[in-house]
Amino acid sequence: MWQDKYLKEALKDLDKLDKEFREFVLAGIKKVTQNPLPQSEGGYGKPLGNMKGNNLTGFFKIKYRGIGIRVVYTLVRDKKVMNIVVISKRDENHCYEAADKRKKKYKENIFKDVFKGR
């Protein structure tokens, strides 16, 4: 099992959700921590690449189709850490723009074990 850690902005994203959605999202994250690797490696991860002009190579997403929420995360493979970057309603581009902004803010740390657990 991988450990989930959160950017402080992702924790704020989580807090903005209704309690019911928050519990649903956390359950999904817990499931993905069993194997957050890309689907090509047998995991649950859906790799992102160039999303609407935002270079999110190395990022992955979890889609909650029923409630229209996306979770974007990165991996620290050698530490078995899953960094939760964004938790957002599916507002077309917002989720990926937020991930790109946070990538620019945290730079290479977005791929390191420097964030806190929930």
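The values are calculated or read from the model by the stated rules, or taken from the named source; none is laboratory data. This is a predicted model, so every value here is computed, not measured. Cβ placement follows ideal geometry from the backbone for every residue including glycine, while neighbour counts extend to all protein chains displayed.
Numbers for the structure displayed
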{"quantity": "Of residues in region 36-65 being in contact (Cβ under 8 Å) with a residue 12 or more places away in the chain and part of a loop (DSSP other than H, G, I, E, B), the one farthest from Asp91 (Cα to Cα)", "calculated": "Leu37"}
{"quantity": "Single residue of region 68-94 satisfying the filter (modelled with pLDDT under 95 and surrounded by fewer than 15 Cβ atoms within 10 Å (Cβ to Cβ)) that is nearest to Gly28 (Cα to Cα)", "calculated": "Gly68"}
{"quantity": "Residue list for region 95-110, filter: modelled with pLDDT of 95 or more and aromatic (Phe, Trp, Tyr)", "calculated": "Tyr106"}
{"quantity": "Subset of region 103-118 (residues that are in a helix (DSSP H, G or I), in contact with a strand residue (DSSP E or B) (Cβ under 6 Å, 6 or more places away or on another chain) and surrounded by fewer than 18 Cβ atoms within 10 Å (Cβ to Cβ))", "calculated": "Phe111"}
